[in-house]
Amino acid sequence: MPQESKKYLSGTLEEILADIRHICGNSSDILINRITVGGISCAVLTCEGMCSAAIMTELIIEPLTAVPAQADSSVLFQYIQNYLLLSLDRPVIRNYADLFRLLYSGFAVLAAEGQNFALAYGVQGYAARSISEPSGEANLFGARDGLTETVRTNMSLLRRRMKTPLLKFELSTAGNLSQTDLCLCYMTDRVPPQMLRQIRKELRAVDLDTVLSSGYLQPFLEKCRGSLFDSVSLSQRPDVLCSKLLEGRVVLLIDGTPFALVIPKLFIENFQTLDDYNHKPYYAAFSRWVKYGAFLIAVLLPALYIAVSMHHPELLNSTLILILTDAEQKAPLSLPTETIFVLLMYEIIREAGLRLPKSVGGAVSIVSGLIIGDAAVSSGLISTPMLTMTAISVIAGFVTPDLNAPITVTRLLFIIAGGLWGLFGIGLLGMIVLYNLCATETFGFPVTAPLAPFYRRAMRDVATRVNFHRMQYGNFTVEEYHEQNS
């Protein structure tokens, strides 16, 4: 932001308007309308496309034109503040930094001759996406509304579900140029005060020009920079965010993105969905153990196949050895090279499917199926057992979409370790990954809780899923962990 914007409003109305034009470089979207209010020369400033013309006319312009004659501008502003409502959001502006921040946020600004401050009124009317179902967090029985790109709309979605004064919202800004609105949400009776102070401190220390998405702030809130696993999660679902708030978490809403940050994140939450609490407990427990197994299959299956085939064939029976030997004799590449080639092809196809328009997305699936599924096997470049193992591993990874990034990387690392050192290499790398996971924490809270450190009562919602008659007596919360470890 220009250095001039830090100055306070001062001088005549003409000088103030000249400073505004100078700071914004005569930008075409700044509209300055001269108006006489109560016999005093004034100016109404708006940003084109950010205000509603109908609201502006009905709530601002018409009441101002009906103001009776006033002695001077100070009496005029006192009359407006005391007798005219105009808008529910009515901040007072004393410097140019606040003026441009509010102006570009959809406020109308009223400046008068002889006054060193201005009045702002919230008349936002910019285009915004309507509330719709989140595409990335589908649930069978959950709500169909999701966060939008407007931070105040997202605040209302949380407030509709949590009608309690214990839910508190703190508005702030980040980004030296973008001045992006942030909203810190938490339950005052459940969040640990020390963690809340540290989060505020980290957000104040952010020195970025712009904040365009949640990924800009996530690295500042994750304390372990070398971790493979996230310690801050993302969510688009208001119902999920409310459940996290009840557990003592902190939610950070960012204007311009429908993804909210949840601090801290537990590793076990990657295997939990809102549908788990709508199914019968026995089916929810079964579903979770399927997800646990799918995660291990996604990470380890190709590596185990390579390790056993290359270094430990004695673990296989004679019939299976003959089948695998016959299939691999026709392939020109080694097992690790073959597997890595297939996985890289899958990642290329996945990335193409994400970036291409939806109209040609189907063509990508057809072409990829022909190339990898049929042509590659028929030509002998890839063996059928290896393609089968890789396909099962990839499909198993779809069960836990939040772990897509660590699964993709660790799967390749395990393949290399299994190809070089067999089961010993897989075990050694497994201990390294486990150490990395156990060392990951944020603001003093480990992501491996409640498994490490172990809390027996929390196993009611980890190893199984008990009914709400037993769960209503309390769950494992962030505050409980801090109290027991303080």
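For the reader, a short list of remarks on this structure follows.
- Exclusive hit being of a type in the set (S, T, Y), without any contact (Cβ under 8 Å) to a residue 60 or more places away in the chain and crowded, with 17+ Cβ neighbours inside 10 Å, set S87, S105: S87
- Test: residue in segment 143-164 that is over 22 Å from the mean Cα position of the chain (by Cα) and farther than 21 Å from T36 by Cβ: yes
- Among the residues of segment 406-419, those that are in contact (Cβ under 8 Å) with a residue 24 or more places away in the chain and either of a type outside the set (S, T, N, Q) or in contact with a Ser or Thr (Cβ under 7 Å, 6 or more places away or on another chain) (or both) comprise P406, I407, V409, R411, L412, F414, I415, I416, A417, G418, G419.
- Of L252, L333, L261, all but one fail to be outside any loop (DSSP other than H, G, I, E, B), among the hydrophobic types (A, V, I, L, M, F, W, C) and either farther than 30 Å from S172 by Cβ or touching a residue at least 60 places away in the same chain (Cβ under 8 Å) (or both); the exception is L252.
- Taken as a whole, the structure leaves R21 outside the set of residues that are in a strand (DSSP E or B), assigned by TED's automatic domain parsing to the domain that holds E113 and free of Cβ contacts under 8 Å to residues at least 12 places away in the same chain.
- Tally, over segment 275-309, of residues that are over 29 Å from G419 (Cα atoms), of a type outside the set (D, E), part of a helix (DSSP H, G or I) and out of contact with any helix residue (DSSP H, G or I) (no Cβ under 6 Å at 6 or more places or on another chain): 7
- Only listed residue being at negative phi, in a helix (DSSP H, G or I) and not basic (K, R), chosen from P134, P165, P219: P219
Okay, residues lined up against (1) farther than 30 Å from A463 by Cα; (2) buried (at least 19 other Cβ atoms within 10 Å of the Cβ); (3) modelled with pLDDT under 95; (4) not aliphatic (A, V, I, L, M):
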{"position": "S178", "(1), (2), (3), (4)": "yes, no, yes, yes"}
{"position": "L221", "(1), (2), (3), (4)": "no, yes, yes, no"}
{"position": "S227", "(1), (2), (3), (4)": "no, no, yes, yes"}
{"position": "L252", "(1), (2), (3), (4)": "no, yes, no, no"}
{"position": "P264", "(1), (2), (3), (4)": "no, yes, yes, yes"}
{"position": "F267", "(1), (2), (3), (4)": "no, yes, yes, yes"}
{"position": "Q272", "(1), (2), (3), (4)": "no, yes, yes, yes"}
{"position": "H279", "(1), (2), (3), (4)": "no, no, yes, yes"}
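The values are calculated or read from the model by the stated rules, or taken from the named source; none is laboratory data. Everything quoted here is computed from the prediction, not taken from an experiment. For neighbour counting, all protein chains shown are included, and Cβ atoms are generated from backbone atoms with ideal geometry for every residue, glycine included.
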